[in-house]
1. In this structure, is residue 86 under 17 Å from residue 45 (Cα atoms), in a helix (DSSP H, G or I) and modelled with pLDDT of 90 or more?
2. What's the number of the condition residue 47 fails, among (1) surrounded by 10 or more Cβ atoms within 10 Å (Cβ to Cβ); (2) modelled with pLDDT of 85 or more?
3. Restrict the check to segment 67-75 and report whether at least one residue is at pLDDT 85 or above, among the charged types (D, E, K, R), loosely packed, with under 11 Cβ neighbours inside 10 Å and within 10 Å of the chain's Cα centre (by Cα).
Amino acid sequence: MTVPNSFLQLVHSVADPDATPSLSASEWIARANCLGVDPALFFPGQGESTKEAKEVCTGCTVRVECLEYAIETGERFGIWGGKSERERRRMRGDRRRAERQLPAPTPLVVVPATAIEHEQDEQRGGCDVGFH
């Protein structure tokens, strides 16, 4: 995959003193572990590994800012803040559900019949084992 122009513009704006990026973006970019790393590493092609890019993000002091930038701007490609496109898409969905105050999907829990019977026995005042 080729590196998107939006990424190149963002990175180059830090190096260009005449550019006027937002201060917060220029501050976190200047401290990022990926500064000086080949941007192509963060935009692997389909089926290529994201492991190396995510390793660069590990321990980065501005990982959260980078991830938030990608989520807030709807960045659809590449590794940002140590997360892939799919992971960020899932996070955006989780946030939208939280904003609407809808519960996240929960896995189906199967309760064995013996547990239900035990609970019903307790509600009746004890276990009925057939001895009277």
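The values are calculated or read from the model by the stated rules, or taken from the named source; none is laboratory data. Owing to the predicted nature of the structure, the values given are computational and were not obtained by experimental measurement. Reconstructed Cβ throughout: ideal geometry from the backbone, glycine too, with neighbour counts over all protein chains shown.
1. Details: under 17 Å from residue 45 (Cα atoms): yes; in a helix (DSSP H, G or I): yes; modelled with pLDDT of 90 or more: yes.
So residue 86 passes the test.
2. Against the list (1) surrounded by 10 or more Cβ atoms within 10 Å (Cβ to Cβ); (2) modelled with pLDDT of 85 or more, residue 47 comes up short only on (1).
3. Within segment 67-75, the subset at pLDDT 85 or above is 67-75.
Keeping just the survivors that are among the charged types (D, E, K, R) gives 68, 72, 75.
Next cut, loosely packed, with under 11 Cβ neighbours inside 10 Å only: 72.
If we keep only those that are within 10 Å of the chain's Cα centre (by Cα) as well, we get none.
No, there is no match, as no residue in segment 67-75 is at pLDDT 85 or above, among the charged types (D, E, K, R), loosely packed, with under 11 Cβ neighbours inside 10 Å and within 10 Å of the chain's Cα centre (by Cα).
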